[in-house]
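The values are calculated or read from the model by the stated rules, or taken from the named source; none is laboratory data. The structure presented is a predicted model; accordingly, all values stated were derived computationally and were not measured. Cβ placement follows ideal geometry from the backbone for every residue including glycine, while neighbour counts extend to all protein chains displayed. With ligands, DNA and RNA removed, areas are computed over all heavy atoms of the protein, side chains included. Shrake-Rupley method; radii C 1.70, N 1.55, O 1.52, S 1.80 Å.
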Amino acid sequence: MSECRHLDLIDKLADLAKITLSDEEKLNLCRDIVRIAEYLRAVGEAARDLNVDPLYYVWDKWGFLRDYNRDRFIIISNLPTKVKDGYVIVPWRGGKIEEG
Amino acid sequence: MKVMIGLEIHVQMSEAGSKLFCDCKANYRGMKPNTNVCPVCLGLPGALPVVNKRSIELALLAAVAFKCNIPRYIVFTRKHYFYPDLPKNYQISMYEKAGGIPICRGGYVKYLDVNSWEWRECRIRRINIEEDPGRTVYEEGGIVRSPYALVDYNRSGVPLLEVITEPDINSPREARTLVEYILLTLEYLGITNPRLEGVFRVDANISIEGGERVEVKNIGSTMDIEKALNYEIMRQAMIINSGSKVERETRHWDAEKGVTRPLRHKEYEEEYLYFPDPDLPPILISEDMVTKAKEIVLGFDITILYENILKLGVPRDIAWSIVTIKPSLDVYIKTVKLGADPLVAAKILGIDYKGELKERNMDLYEYNNWPPPETVYELVRLVVDKIYTYDTVKGLLIPKIAENPKVDVRSILPEKAENIEDIIDSVIREEEKAVKDYLSGKKQALNYLIGMVIRRVGKRAVDPRVIREALENKLSKLKSSM
Amino acid sequence: MRKVKQSWELVEDFMNGIEDPVEHIYRVLDSINRWESMVNAYISLESPDILIEKAEEISRRIRRGERVGRLVGLIVSVKDNICTSFLPTTAASKILDPYIPPYDATVVERLLREDAIIVGKTNLDEFAMGSTTELSSFGPTRNPWDLDRVPGGSSGGSAASLSYGGADLSLGSDTGGSARLPAAYTATVGLKPTYGLVSRYGLIPYGNSLEQISPMARSVKDVALLLDIIGGFDPLDATSLNVDSLNTFNSIKADARDLKICILKEMVEGADSPINSMFWKIIEKLESEGANIEYYSLPILSKALPTYYTIAFAEAASNLARYAGIFYPTKGSSSSWEEYIGESRFKGFGREVKRRIMLGVYALSEGYRDEYYVAATKVRRVIRDEIVKLTSKCIIASQVSPILPPRLGERIDDPLKLYYMDMYTVVANLAGVPALAQPIGFHGDLPIGIQWIGGPLEESKLISIGLLIEDITGLRGVIVD
Ligand SMILES: [Zn+2]
């Protein structure tokens, strides 16, 4: 694993992105991500000399408000999810006992 | 020992009609799990949020009521964290440091501390509008050990107000009073119904002079605010007294056990990847919207309403008692408008009728449990015109009205003393044996005689105390004349 | 190469009884049978029985003189990142295989209202992240003009379905060129509308501030027909512009003498020579017919590509957070929550998607946000301002892609090489303005396209110039034989 010097960064990103990675994939991603991030850095450099506000919404227009009602209820058990007594059931602590 | 408390109060805008970004219902109570859900509040791919107009109008009322700086427009941001009850794994909120603009910045609440009857002030740092996550139920073992989490998304997307105060609060009691005052204000403005189960949650930041700030999360009732803070102050004081330092941390309030517990630490600083939600362009808060909000807020200003009652000569505790129950205030204002004596009306509504409802375990906040103003006006008239004593009204009429608030007062008026005199006289004449027994010292014979009088009075209402008094009078005269 | 009727002509012929919708669906099904095993344009196809039944019903309704919609009897393919309640919608990702949405996208509702027949869902790069349609968990789509080459991406399935006659019209999506690049590689037409003209309700998001559902067809007029139907305000999309559908179908062919065309140095430099020479041939032709050609340079455009990718990655990281194994079919096996979601996402996402999510997380994380994400939004403002200013004076002409359709596997090993393919197309997405890609010729068997960029809501202008170019090149209604 010594081929990439930024494995700690990759571990942090994978944790934030909640993606479990195999060692091989971690190495590949490490190589790619470091290269791409380097390439994207040009943007930060370009913006340094710009005295403008960020543009988050391309038209700088106001959004509208919803003032009507249209029923769009759906039946949850039609989705590919596990349902028990109407509740969606998800794994939590796996039966393992962990103290808080 | 100086204590500084700041609060984050999350209140559902339960009266907003629909959820913040979709058409599902804002008040989901009584619905089966996961029946108040749609593609938007389940965060299904491709579904898009559109802001509910009513929730912005309501939030604006709160911002005006708390004298906030109101921005020209608001911006929603995404806050990312993975949790089973958060279907998109981000929550739409308003984080200022990443381009978000909240509905309120820099306001304050002037609230009445009913313990000292002094007005206090607490600064409001910010009010955010955000979406509520779903509700998680853990199986055996709770959040710490439960093998599974069961999630109900009926709550997912319900509009929330997050009211963040400055650390201006100095005692647990004050904290509780402030929250009660804020909830009452929001109730009067038609934003929320504070009595709905789970409609608000409070996180408190608390520090004792010289120590670090500790955050206590998940406080679910006004009573628990006081309890949790008292516990936390005691805990921190013990640490200080033992010569240690209070560390900065986040704790969880366990309402069942009445203790705060530490939450597990993260390895690194919380990282929420905030940025403005590209699906929600900024919403303009027009001057027109603000003007309208100001008018509404003026009509429901608790301070003004309370002081108006004081001006009528009503003592502050009774005045406050009326103000805290919105239906009773409505009836009170209308009764006084009809020309009723404000003090007697206040006593009836603020003390005795309210007390009667409480005794009967009836909902004080249910409009149908309160009489129409005409009824209260009539009661006041009976007292003021000395037709009945206040005690008779309280003892005889109020319970009957509480039983059936729509009842016609005239149909339940008790017999007046003069008419009963004759009946008493005839009972004394006819019940010779019982009279003799009583006069010879058998006190229980009096109850028999009272019973006989009541039987003859028939269905008409009568106060047994009045009969007892009249009977005793007559019998003592009889004795002295023997 | 062979030419077929345009879709709008077909509709007229259905109505006149010259053509029959039932015969037509058989024809399209024949093409699908012949090509699909080689090309792989579709992820899912409606059953032929249902399609024939629908065509029969439409045929009956026409004969009875009942009112029918504007797309009556036309066979439409829909990119598989657009939700349909009657066909699976996977975004070409394993994480959504199989998933049938409980609702239809607004554009799909509008197609059905106009009596279109939706034939199937087309292949794409997973979550539209790619430029070749190789990065699909359902295998790559091949270019019908040369089966060893890619059709471009990410709407490669849509473009391929059009170019072999497997559909009359198609809905693609365009986040950074995803409809225009495949159009250019398959001799079809793709139009990226003004941001907010077409509802995104039901489009599985990748870069929401950049993307639009985009009409694709074999002729400019057909693209206009489709655009008019899917465009216009939708109360379910808060970024939807408060405009009625445009009437671009009735746009008339531009007169070269009225044309003002701008050519930006940064948007023509660097292309391979066959592309270059064909582009300049068209420009010279227009100039000789009286068009006014002006030349500009906008140095900030050299930052367009990294700006685009930074914003797209950040938005993607956020949009894809929801796929955590709760509501979607690919699930982890661990019984602990954290491990379960990590595993679900590990199993469900392809490598490019993981790359982009992690880069997006990086661009948004504390300490990097200002240098990456926020910086990109600032550069975006400058680019938007410049492009809107320029397009108020002229229509921008540029190439679509700097390279000819690459061979399969040629580009995907190096992500930066892949991203480079979008260098001319991302500008319109950053600026929000409409852009049209249409064919102008072939280099051997390989199609070459041109791109026109107009001002906000100037789709009609683009259609007009597109009609003129079609007259010059004769490339209208072209399919592979
Ligand atoms: Zn909903």
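Of the residues A:Asp71, A:Asp49, A:Asp8, A:Asp53, which single one is open to solvent by 100 Å² or more (accessible area, probe 1.4 Å) and within 16 Å of the ligand (Cβ to nearest atom)? Talk me through it step by step, then tell me what you get.
On the way: A:Asp49 fails: within 16 Å of the ligand (Cβ to nearest atom); A:Asp8 fails: within 16 Å of the ligand (Cβ to nearest atom); A:Asp53 fails: within 16 Å of the ligand (Cβ to nearest atom).
A:Asp71 is the lone residue from the list that is open to solvent by 100 Å² or more (accessible area, probe 1.4 Å) and within 16 Å of the ligand (Cβ to nearest atom).
May I ask you to verify whether B:Glu15 is in a loop (DSSP other than H, G, I, E, B), more than 15 Å from the ligand (Cβ to nearest atom), touching a residue at least 40 places away in the same chain (Cβ under 8 Å) and open to solvent by 20 Å² or more (accessible area, probe 1.4 Å)? Walk me through it before giving the result.
Values: in a loop (DSSP other than H, G, I, E, B): yes; more than 15 Å from the ligand (Cβ to nearest atom): yes; touching a residue at least 40 places away in the same chain (Cβ under 8 Å): yes; open to solvent by 20 Å² or more (accessible area, probe 1.4 Å): yes.
When the stated conditions are applied, B:Glu15 passes them.
Spot the failing condition for C:Ser333; the list is (1) in a helix (DSSP H, G or I); (2) surrounded by fewer than 24 Cβ atoms within 10 Å (Cβ to Cβ); (3) more than 7 Å from every other protein chain (Cβ to nearest Cβ), and only one is missed.
With (1) in a helix (DSSP H, G or I); (2) surrounded by fewer than 24 Cβ atoms within 10 Å (Cβ to Cβ); (3) more than 7 Å from every other protein chain (Cβ to nearest Cβ) applied to C:Ser333, the lone miss is (1).
Would you mind telling me which numbered condition in (1) open to solvent by less than 40 Å² (accessible area, probe 1.4 Å); (2) part of a helix (DSSP H, G or I); (3) touching a Leu at 6+ places or on another chain (Cβ under 9 Å) A:Val43 fails?
It fails just one condition, (3).
From the list B:Glu140, B:Glu197, B:Glu162, B:Glu187, which residue is farther than 30 Å from A:Arg72 by Cα and more than 16 Å from the ligand (Cβ to nearest atom)?
Working: B:Glu197 fails: farther than 30 Å from A:Arg72 by Cα; B:Glu162 fails: farther than 30 Å from A:Arg72 by Cα; B:Glu187 fails: farther than 30 Å from A:Arg72 by Cα.
Matching residue, one of B:Glu140, B:Glu197, B:Glu162, B:Glu187: B:Glu140.
Is it true that B:Glu247 is open to solvent by 50 Å² or more (accessible area, probe 1.4 Å) and assigned by TED's automatic domain parsing to the domain that holds B:Asp363?
Against the criterion (open to solvent by 50 Å² or more (accessible area, probe 1.4 Å) and assigned by TED's automatic domain parsing to the domain that holds B:Asp363), B:Glu247 does not qualify.
Answer yes or no as to whether B:Asn218 is away from the ligand (no atom under 16 Å from the Cβ) and within 14 Å of chain A (Cβ to nearest Cβ). So that I can check it myself, show each step before the final result.
Values: away from the ligand (no atom under 16 Å from the Cβ): yes; within 14 Å of chain A (Cβ to nearest Cβ): yes.
Yes.
Can you list residue pairs whose Cβ atoms sit under 8 Å apart, with the first residue in the stretch C:414-438 being free of Cβ contacts under 8 Å to residues at least 60 places away in the same chain and over 20 Å from C:Ile465 (Cα atoms) and the second being open to solvent by 10 Å² or more (accessible area, probe 1.4 Å) and hydroxyl-bearing (Ser, Thr, Tyr)? Count only pairs 6 or more apart in sequence or on different chains.
Between residues of the stretch C:414-438 that are free of Cβ contacts under 8 Å to residues at least 60 places away in the same chain and over 20 Å from C:Ile465 (Cα atoms) and residues that are open to solvent by 10 Å² or more (accessible area, probe 1.4 Å) and hydroxyl-bearing (Ser, Thr, Tyr), the close pairs are C:Leu416/A:Tyr39.
Please report, ordered by residue number, the helices (runs of 4 or more DSSP H) entirely within the stretch B:276-386 with at least 1 residues that are among the small types (Gly, Ala, Ser) and more than 30 Å from B:Ala98 (Cβ to Cβ). Steps first, answer last, please.
On the way: elements: B:287-299, B:302-311, B:316-323, B:326-337, B:342-347, B:354-359, B:373-384.
Of the helices (runs of 4 or more DSSP H) lying wholly inside the stretch B:276-386, those with at least 1 residues that are among the small types (Gly, Ala, Ser) and more than 30 Å from B:Ala98 (Cβ to Cβ) span B:287-299, B:316-323, B:326-337, B:342-347, B:354-359.
Assess whether B:Phe66 counts as being under 30 Å from C:Trp337 (Cα atoms) and either more than 15 Å from the ligand (Cβ to nearest atom) or open to solvent by 10 Å² or more (accessible area, probe 1.4 Å) (or both). Steps first, please.
Details: under 30 Å from C:Trp337 (Cα atoms): no; either more than 15 Å from the ligand (Cβ to nearest atom) or open to solvent by 10 Å² or more (accessible area, probe 1.4 Å) (or both): yes.
It is false that B:Phe66 is under 30 Å from C:Trp337 (Cα atoms) and either more than 15 Å from the ligand (Cβ to nearest atom) or open to solvent by 10 Å² or more (accessible area, probe 1.4 Å) (or both).
Do we have any residue at all in the stretch B:234-243 that's part of a helix (DSSP H, G or I), open to solvent by less than 30 Å² (accessible area, probe 1.4 Å), over 16 Å from B:Tyr111 (Cβ atoms) and polar (S, T, N, Q)? Even if it seems obvious, please write down each step before you answer.
Going residue by residue through the stretch B:234-243, those that are part of a helix (DSSP H, G or I) are B:234-241.
Add one more test, that the residue is open to solvent by less than 30 Å² (accessible area, probe 1.4 Å), and what stays is B:236-237.
Restricting the remaining residues to those that are over 16 Å from B:Tyr111 (Cβ atoms) gives B:236-237.
After this cut, where a residue has to be polar (S, T, N, Q) as well, the list is B:236.
Within the stretch B:234-243 (the criterion being part of a helix (DSSP H, G or I), open to solvent by less than 30 Å² (accessible area, probe 1.4 Å), over 16 Å from B:Tyr111 (Cβ atoms) and polar (S, T, N, Q)), the answer is yes, since at least one residue qualifies.
Of the conditions (1) open to solvent by less than 90 Å² (accessible area, probe 1.4 Å); (2) more than 7 Å from chain C (Cβ to nearest Cβ); (3) closer than 24 Å to B:Ala26 by Cβ, A:Gly63 fails just one. Which one is it?
Going through (1) open to solvent by less than 90 Å² (accessible area, probe 1.4 Å); (2) more than 7 Å from chain C (Cβ to nearest Cβ); (3) closer than 24 Å to B:Ala26 by Cβ one by one, A:Gly63 breaks only (2).
Output the number of the condition that C:Pro299 fails; it satisfies all remaining conditions of (1) more than 7 Å from every other protein chain (Cβ to nearest Cβ); (2) more than 27 Å from C:Thr425 (Cβ to Cβ).
Only one criterion is unmet by C:Pro299, namely (2).
What residue, among those in the stretch C:297-329 that are surrounded by fewer than 21 Cβ atoms within 10 Å (Cβ to Cβ) and touching a residue at least 12 places away in the same chain (Cβ under 8 Å), is nearest to B:Pro39 (Cα to Cα)?
C:Pro329
On the given criteria, is B:Leu58 under 14 Å from B:Val158 (Cα atoms), assigned by TED's automatic domain parsing to the domain that holds B:Pro282, more than 16 Å from the ligand (Cβ to nearest atom) and surrounded by 22 or more Cβ atoms within 10 Å (Cβ to Cβ)? First the steps, then the outcome.
On the way: under 14 Å from B:Val158 (Cα atoms): yes; assigned by TED's automatic domain parsing to the domain that holds B:Pro282: yes; more than 16 Å from the ligand (Cβ to nearest atom): yes; surrounded by 22 or more Cβ atoms within 10 Å (Cβ to Cβ): yes.
When the stated conditions are applied, B:Leu58 passes them.
State whether the residues of the stretch B:30-52 include one that is modelled with pLDDT of 95 or more, away from the ligand (no atom under 15 Å from the Cβ), more than 7 Å from every other protein chain (Cβ to nearest Cβ) and open to solvent by 10 Å² or more (accessible area, probe 1.4 Å).
Yes.
Restricting the search to the stretch B:392-421, which residues are modelled with pLDDT of 80 or more and farther than 17 Å from B:Asp352 by Cα?
Start the filter on the stretch B:392-421 by keeping residues that are modelled with pLDDT of 80 or more, which leaves B:392-413.
Listed by number, the residues that qualify are B:Lys406, B:Val407, B:Asp408, B:Arg410, B:Ser411, B:Ile412, B:Leu413.
Only one of (1) within 30 Å of B:Leu44 (Cα to Cα); (2) assigned to a loop (DSSP other than H, G, I, E, B); (3) within 9 Å of chain C (Cβ to nearest Cβ) fails for A:Asn69. Which number is that?
It is condition (3) that A:Asn69 fails.
Applying the selection to the stretch C:73-104, what residues are within 11 Å of another protein chain (Cβ to nearest Cβ), aliphatic (A, V, I, L, M) and closer than 26 Å to C:Asp222 by Cβ?
Once the filter is applied, which keeps residues that are within 11 Å of another protein chain (Cβ to nearest Cβ), aliphatic (A, V, I, L, M) and closer than 26 Å to C:Asp222 by Cβ, the stretch C:73-104 yields C:Ile82, C:Ala91.
For B:Leu20, only one of the following conditions fails: (1) within 12 Å of another protein chain (Cβ to nearest Cβ); (2) more than 13 Å from the ligand (Cβ to nearest atom); (3) in contact with a Gly (Cβ under 6 Å, 6 or more places away or on another chain); (4) more than 25 Å from A:Lys82 (Cα to Cα). What is its number?
The one condition B:Leu20 does not meet is (2).
What single numbered condition from (1) at pLDDT 95 or above; (2) away from chain A (no Cβ under 14 Å) fails to hold for B:Leu112?
Exception for B:Leu112: condition (1).
How about the stretch C:74-180: which strands (runs of 3 or more DSSP E) wholly inside it have at least 2 residues that are touching a residue at least 24 places away in the same chain (Cβ under 8 Å) and either assigned by TED's automatic domain parsing to the domain that holds C:Glu352 or more than 17 Å from the chain's Cα centre (by Cα) (or both)? Lay out the reasoning, then the answer.
Numbers: elements: C:75-79, C:117-122, C:169-174.
Result: C:117-122.
Conditions (1) more than 14 Å from every other protein chain (Cβ to nearest Cβ); (2) in contact with a helix residue (DSSP H, G or I) (Cβ under 6 Å, 6 or more places away or on another chain); (3) under 23 Å from C:Ile448 (Cα atoms), marked per residue:
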| residue | (1), (2), (3) |
| --- | --- |
| C:Thr248 | yes, yes, no |
| C:Lys253 | yes, yes, yes |
| C:Asp258 | yes, no, no |
| C:Met278 | yes, no, yes |
| C:Pro306 | no, yes, no |
| C:Ile311 | no, yes, no |
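Quick check: is even one residue across the stretch B:277-285 under 30 Å from C:Leu364 (Cβ atoms), within 13 Å of another protein chain (Cβ to nearest Cβ) and open to solvent by 50 Å² or more (accessible area, probe 1.4 Å)? Outline the logic, then answer.
Residues of the stretch B:277-285 that are under 30 Å from C:Leu364 (Cβ atoms), as a first pass: B:277-285.
Add one more test, that the residue is within 13 Å of another protein chain (Cβ to nearest Cβ), and what stays is B:277-285.
After this cut, where a residue has to be open to solvent by 50 Å² or more (accessible area, probe 1.4 Å) as well, the list is B:284.
Yes.
For the stretch A:40-77, which residues satisfy the criterion of being of a type in the set (Gly, Ala, Ser) and touching a helix residue (DSSP H, G or I) at 6+ places or on another chain (Cβ under 7 Å)?
Applying the first criterion (of a type in the set (Gly, Ala, Ser)) to the stretch A:40-77 yields A:42, A:44, A:46-47, A:63, A:77.
Result: A:Ala42, A:Gly44, A:Ala46, A:Ala47.
This table checks each residue for (1) aliphatic (A, V, I, L, M); (2) touching a Leu at 6+ places or on another chain (Cβ under 9 Å).
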position: B:Phe21; (1), (2): no, yes
position: B:Asn27; (1), (2): no, yes
position: B:Gly30; (1), (2): no, no
position: B:Val40; (1), (2): yes, yes
position: B:Val51; (1), (2): yes, yes
position: B:Phe76; (1), (2): no, yes
position: B:Phe82; (1), (2): no, no
